Structures are given as C-alpha cells and as structure tokens.
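Chemist: First, the structure itself, so that you have it in front of you.
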Amino acid sequence: MGHTREPTGDGRREKMAPSNADSIKARLTQFCTLLGFEYRGIPCDLDPFNAGDFHMRCGDVEMDVDSTDQVMDLPFFQGRSLREIADEIEITSW
C-alpha cells in the first residue's frame, strides 16, 4: 500500500529515507500507485499502469514506456536515467 508523508509545518513534504534503484524498481513492479519525487527541484512522477505500460513525467515532459527496464534505464530525467539519479531524488509519494 502506498503512502504520502504529511506536509511539514512550512508546507513542504517531509523527506523519506534515501531510496535506491533496486527498491524503486521493486515498487514499480507492484503496479499499485503513482511514485512521485523531485529531481533538481522539478516535480516528476512515474505511473505504473501494468507490466507493459508506464507513464513518466518530469516537469512538462512526458513519455510512455513499456517496461520497468525502460523506466530505470532511459535517460529521461534531464539526460540521466532513473537508475543514475535514484540516490539523489526525494520520494514525496509512494
């Protein structure tokens, strides 16, 4: 089951523990909820509809892909892959 951290007193979402590529990929394969995060201050999200349909968004740029490997390895996030940025991002919703 997904969860979202409650906003802190100043309205920002509380940081969750640093994530890593393996835990993100494992969560995506559960196809249960939108995964939201910020990368370099840009709101991004991954929406796993099913095993062959994922929607990725980073700011105003959107893309549909058909596998978790593509989600993890395409250089979609400002020229870098999710695998490359996994330890840098702040997950805001699972």
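Read-outs throughout are calculated quantities, based only on the coordinates presented, and are distinct from any laboratory measurement. It should be emphasised that the depicted structure is a prediction, and the values quoted were computed from it without experimental measurement. Positions of Cβ are backbone-derived with ideal geometry, glycine not excepted, and every protein chain shown enters the neighbour counts.
Chemist: Using beta carbons and a limit of 7 Å, which pairs, at least six apart or on different chains, have the first residue in segment 72-86 and small (G, A, S) and the second one assigned to a helix (DSSP H, G or I) and surrounded by 15 or more Cβ atoms within 10 Å (Cβ to Cβ)?
Modeler: Sorted first by the residue in segment 72-86, then by its partner, the pairs are S81/M72; S81/D73; A86/A21; A86/I24.
Chemist: Got a number for residues in segment 49-68 being of a type in the set (S, T, Y) and within 13 Å of I24 (Cβ to Cβ)?
Modeler: Going through segment 49-68 one residue at a time, the tally reaches 1.
Chemist: Output the number of residues of segment 69-82 satisfying the condition of being closer than 13 Å to L28 by Cα, in contact with a helix residue (DSSP H, G or I) (Cβ under 7 Å, 6 or more places away or on another chain) and among the charged types (D, E, K, R).
Modeler: Total meeting the criteria: 0.
Chemist: Are there any pairs with C-beta distances below 9 angstrom linking a residue in segment 20-33 that is in contact (Cβ under 8 Å) with a residue 12 or more places away in the chain and closer than 11 Å to D69 by Cα to a residue that is in a helix (DSSP H, G or I) and among the hydroxyl-bearing types (S, T, Y), with the two at least 6 apart or on different chains, and if so which?
Modeler: K25/T68; L28/T68; T29/T68
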